[in-house]
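Read-outs: derived from the displayed coordinates by stated rules, not from any lab. Everything numeric here is computed off the predicted structure, so don't read it as measured data. Note that each Cβ is placed from the backbone with ideal geometry, even for glycine, and that neighbours are counted across all protein chains shown.
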Amino acid sequence: MKYKDGKYLQVCGFILCGIEFYGRLNQIYCSPQCKQAHNNRKTSRVNRLANGADTKIRKAIRIMMRLFKPDEEGKMVISMVVLAYNAFPFDLPTTLIKDDRCSGELYSFGLFSFYRDGENFIFYKTQ
Ligand SMILES: [Zn+2]
């Protein structure tokens, strides 16, 4: 390994850069920009693996913020047609939770949860 003025000749760890530079032995990138660029690429890989999960949840929450009008029991009955009309992402990732209100299970995302009853969906909101 080449050595000059207390620094070592290395190759930048950001694959799209790859230039040689002199740096400390534990320095991986030639510049803070390359370090940031490398981390950004890592993030986009995570997004790809998430397969739009986060996007779908946020979309569903945006739709519910607009549509959700609870009755006196705190629930809202909405037909599948209306949800489809509003481009609700039915394939959004949800967490299954136990709930007494429908004597069964609710699919939850964010502060919202729902279950299907025939052609209708019953929505609840926490708080
Ligand atoms: Zn670099």
Find how many whole Å separate the alpha carbon centroid of segment 1-25 from the alpha carbon centroid of segment 60-127.
55 Å
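In the chain, how does Rg compare with the Kirkwood Rh, expressed as the Rg/Rh ratio over alpha carbon atoms? Walk me through the numbers on the way to the answer.
Details: Rg = 24.8 Å, Rh = 18.5 Å.
We get a ratio of 1.35 for the chain.
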With unit charges on the beta carbon (Lys/Arg positive, Asp/Glu negative), name the residue among Ser108, Ser79, Ala60 whose Cα is farthest towards the positive pole of the charge dipole of segment 55-125.
Ala60
Tilt relative to the chain, helix 53-67 - C-alpha long axis, 0 to 90 degrees, to 10
40 degrees
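Per DSSP helix of 4 or more residues, -39500 (n - 2.57); summed, then divided by the residues of the chain. What does that give at 222 nm, rounded to the nearest 500? Could you put the intermediate results ahead of the total?
On the way: 3 runs with 40 residues, N = 127.
Taken over the chain, the calculation gives -10000 deg cm²/dmol.
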Can you count the Lys pairs in the chain with C-alpha separation below 29 Å, eight or more apart or on different chains?
19
Please give the helix 32-50 orientation as an angle from the longest Cα principal axis of the chain, in degrees from 0 to 90, rounded to the nearest 10.
30 degrees
Out of all Cα-Cα pairs in segment 55-125, roughly what percent, to the nearest whole number, are more than 15 Å apart?
50 percent
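Find how much the distance from Lys4 to Thr126 grows on full extension, using 0.36 nm per residue of separation minus their present alpha carbon separation; answer in nm with one decimal.
Details: separation 122, 0.36 × 122 = 43.92 nm, distance 6.21 nm.
Additional length available on full extension: 37.7 nm.
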Give, as a single signed number, the net charge of other residues whose beta carbon lies under 11 Å from the beta carbon of Gln10, with Lys and Arg counted +1 and Asp and Glu -1.
+2
